[in-house]
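Asks: Just passing along the structure, written as structure tokens.
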Amino acid sequence: MSQSGDAMKSGDDITVAQAPTTASGAVDWTRLFIGFGGMAIGQFMAILDIQIVAASLPQIQAGIGASADQVSWIQTAYLIPEVVMIPLSSYLSRLWGTRAVFMMSCGGFILMSVVAGLSTSIEFMIIARALQGFIGGAMVPTVFATAFTAFPPEKRIAANVATGMIVTLAPTVGPILGGHLTEWLSWRWLFFINVGPGLLSLFLVGRYANFDRGDRSLSAGFDWFGLTTMAVFLMSLQYVVEEGAKDNWFEDGTILWLTVLCAISGVTFVWRTLSYHKPLVQLRAFADRNFTLGILMTAVSGVSLYGGTFLMPLYLGRVRQFSAAEVGTTMLVSGICMFFTGPLVGRLARTIDARIPMFIGFSMVAWGMWLGHDINGEWGFWEFASLQAFRGCGVMIAMIATSQLTMSTLPPAMVKDASGLMNLSRNTAGAIAMAYLSTTLTTRTAEHMDALSSRVTIASVDAQAMIAGLTQRMAAMGVADPEGAARKAFQFFMNRQASILAFGDGFTVLALAGALAAALALLARPAKVPLSPAAAEAAAEAH
């Protein structure tokens, strides 16, 4: 077999991946699918590790002796460096080739996963997670770019469906898998589990995924200043959105000055990118209306994806007192809905305007989240299942259609940079959503508590009746101080109710975001549906 994945260059000297071919010139589907499948395994691991620790933070905290404030950095340390690598990976893949960049990223990710699993202190784990996020961040955008450049047009939607399923399933499966791994084995296996799939990914990519070659001439005139400003901008932005809620935002001096630094470095980076002759990131794709709208809708899909995955496990653990395994099992509905929706959307996307599934998908997300606005402490499995079914199906439909439309009108030479920007917008928007929701939960819980306290004081008739009933129950249970225990139980009930109302507000915010994205979908231009070889030949004969 021979490879036709040699470098092709546009007028901008940007390498474009090609499908591997046989000696006769036909597409070698075996090498293409196996090589791409190997890359998809690595991408799944990289996205999975954002959320796999979400349901197991208390166990990790106990295992390494960390404080509550320190343990939150296990996720933050992964996300901050990752956002720098995502846009940088497009330049590196043009320089060294997709396969080389992916294998270096995957190998480093495996190594840092083992180091994180062996950590005995919070400081050691934070360093390992930061390196894991930075090195592994290159696996995500390179897969998206390959889906749009290595596959022939008639198979591109199928590849897009595969990447869409990975992006939506991985954050949902993360808490599920993490909760069960922690309960069955230990929290260290949250990281050790990456070794097997990672080695398989390395083998498959190394053997089958030679889709393009790098252009070493791009190293001349490397924009170190642009890299510095981009890193400062993205890392300060990520730190502010991740830590701002816990530090009362601009009341904290560090958050305030990092926000100023973020603004200055962001403006400087955009100026440098537009003026330098070999910029790290091509921003010209924003001249395309579909791409710009697609970036906005990708950001909203990130809000829905990560925001929903953040709220539901938190509610189940904090309000319903579910264990990590119980949280994972309850979240399973969303993952199942996504899994079965993906292939169906792929078939429909071949025949209809992408704007239609985008509108339907985001509308379903909005409705699913709106169901949560009146969540209460008596909700059972089916109430949660209904919310997750609408959200899961909607996110999958919207994600696949948005990815297809975002790239549909771009020239192949811009796809690698566009893929990095698309993934960056999703992850950054997701991080902002989680930070905003965290702040909303804190502030709205306090506000609802004040409102409830003003209506139901301990001196009120209803409160006294409730306390009397609780006192009798405590006395029957043999509690030493039944009246004092009853008052504590009443206060707990009030706090719990305020928290439930705050979660309802959080779901409402996500519903409004989904409705906004559905409206934006109507502003996009129609995208051409890729033709099958037979249809393309028939169209050519007709002309």
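Asks: Only residues that are without any contact (Cβ under 8 Å) to a residue 40 or more places away in the chain and under 15 Å from residue 195 (Cβ atoms): list them for segment 93-114, please. Before you say what the answer is, go through the steps one by one.
Replies: Within segment 93-114, the subset without any contact (Cβ under 8 Å) to a residue 40 or more places away in the chain is 104, 108, 111-112.
Selection gives 108, 111, 112.
Asks: With the condition kept exactly as written, say whether any residue in segment 359-374 is more than 17 Å from residue 159 (Cβ to Cβ) and either in contact with a strand residue (DSSP E or B) (Cβ under 8 Å, 6 or more places away or on another chain) or of a type in the set (Val, Ile, Thr) (or both). If you could, list the steps in order and put the result at the bottom.
Replies: The first filter runs over segment 359-374 and keeps only residues more than 17 Å from residue 159 (Cβ to Cβ), leaving 359-374.
If we keep only those that are either in contact with a strand residue (DSSP E or B) (Cβ under 8 Å, 6 or more places away or on another chain) or of a type in the set (Val, Ile, Thr) (or both) too, we end up with 360, 365.
Checked against the condition, which is being more than 17 Å from residue 159 (Cβ to Cβ) and either in contact with a strand residue (DSSP E or B) (Cβ under 8 Å, 6 or more places away or on another chain) or of a type in the set (Val, Ile, Thr) (or both), segment 359-374 yields at least one hit.
Asks: Here is a check on your reading of the model: is residue 119 touching a helix residue (DSSP H, G or I) at 6+ places or on another chain (Cβ under 9 Å), assigned to a loop (DSSP other than H, G, I, E, B) and surrounded by fewer than 24 Cβ atoms within 10 Å (Cβ to Cβ)?
Replies: Numbers: touching a helix residue (DSSP H, G or I) at 6+ places or on another chain (Cβ under 9 Å): yes; assigned to a loop (DSSP other than H, G, I, E, B): yes; surrounded by fewer than 24 Cβ atoms within 10 Å (Cβ to Cβ): yes.
Criteria met by residue 119.
Asks: Check 99, 94, 129 and return the single one that is within 21 Å of the chain's Cα centre (by Cα) and assigned to a helix (DSSP H, G or I). Before the answer, list the steps.
Replies: Values: 99 fails: within 21 Å of the chain's Cα centre (by Cα); 94 fails: within 21 Å of the chain's Cα centre (by Cα).
Of the residues listed, the single one that is within 21 Å of the chain's Cα centre (by Cα) and assigned to a helix (DSSP H, G or I) is 129.
Results for (1) among the acidic types (Asp, Glu); (2) buried (at least 17 other Cβ atoms within 10 Å of the Cβ); (3) over 28 Å from residue 149 (Cβ atoms); (4) at pLDDT below 75, shown as yes or no for each residue.
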site	(1), (2), (3), (4)
323	no, no, yes, yes
338	no, yes, no, no
361	no, yes, no, no
365	no, yes, yes, no
381	no, no, yes, yes
389	no, yes, yes, no
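Asks: Is it true that some residue in segment 370-379 is touching a residue at least 60 places away in the same chain (Cβ under 8 Å), of a type outside the set (Ser, Thr, Tyr), part of a helix (DSSP H, G or I) and surrounded by fewer than 16 Cβ atoms within 10 Å (Cβ to Cβ)?
Replies: Filtering segment 370-379 down to residues touching a residue at least 60 places away in the same chain (Cβ under 8 Å) leaves 370-377.
With the extra rule that they be of a type outside the set (Ser, Thr, Tyr), the set shrinks to 370-377.
Going one step further and asking which of them are part of a helix (DSSP H, G or I), we end up with 370-374.
Next, only the ones that are surrounded by fewer than 16 Cβ atoms within 10 Å (Cβ to Cβ) stay: 374.
There is at least one residue in segment 370-379 that is touching a residue at least 60 places away in the same chain (Cβ under 8 Å), of a type outside the set (Ser, Thr, Tyr), part of a helix (DSSP H, G or I) and surrounded by fewer than 16 Cβ atoms within 10 Å (Cβ to Cβ).
Asks: Go through segment 187-221 residue by residue and tally those that are assigned to a helix (DSSP H, G or I) and modelled with pLDDT under 80. Show your work before the answer.
Replies: Going through segment 187-221, the residues assigned to a helix (DSSP H, G or I) turn out to be 189-192, 195-208, 216-219.
Add one more test, that the residue is modelled with pLDDT under 80, and what stays is 216-219.
Of the residues in segment 187-221, 4 are assigned to a helix (DSSP H, G or I) and modelled with pLDDT under 80.
Asks: In addition: Any residue at all in segment 140-159 that's under 26 Å from residue 236 (Cβ atoms), small (Gly, Ala, Ser) and modelled with pLDDT under 80?
Replies: Step one: of segment 140-159, the residues under 26 Å from residue 236 (Cβ atoms) are 140-142, 144.
Narrowing the set further to residues that are small (Gly, Ala, Ser) leaves none.
No, there is no match, as no residue in segment 140-159 is under 26 Å from residue 236 (Cβ atoms), small (Gly, Ala, Ser) and modelled with pLDDT under 80.
Asks: Identify, from the list 268, 309, the residue that is surrounded by 20 or more Cβ atoms within 10 Å (Cβ to Cβ), of a type in the set (Val, Ile, Thr) and either in a helix (DSSP H, G or I) or free of Cβ contacts under 8 Å to residues at least 24 places away in the same chain (or both). Spell out the reasoning first.
Replies: On the way: 268 fails: surrounded by 20 or more Cβ atoms within 10 Å (Cβ to Cβ).
One residue alone meets the criteria, 309.
Asks: Here's a follow-up. Do we find a residue being crowded, with 20+ Cβ neighbours inside 10 Å, outside the structural domain of residue 423 (by TED's automatic domain parsing), in a loop (DSSP other than H, G, I, E, B) and among the β-branched types (Val, Ile, Thr) anywhere in segment 79-87?
Replies: The initial filter retains those residues of segment 79-87 that are crowded, with 20+ Cβ neighbours inside 10 Å, namely 79-87.
So of that shortlist, the ones also outside the structural domain of residue 423 (by TED's automatic domain parsing) come out as 79-87.
From what's left, in a loop (DSSP other than H, G, I, E, B): none.
No: segment 79-87 contains no residue that is crowded, with 20+ Cβ neighbours inside 10 Å, outside the structural domain of residue 423 (by TED's automatic domain parsing), in a loop (DSSP other than H, G, I, E, B) and among the β-branched types (Val, Ile, Thr).
The values are calculated or read from the model by the stated rules, or taken from the named source; none is laboratory data. Here the structure is a predicted model, which means the values were calculated and not measured. No Cβ is skipped: glycine too gets one built from the backbone with ideal geometry, and neighbour counts run over all protein chains shown.
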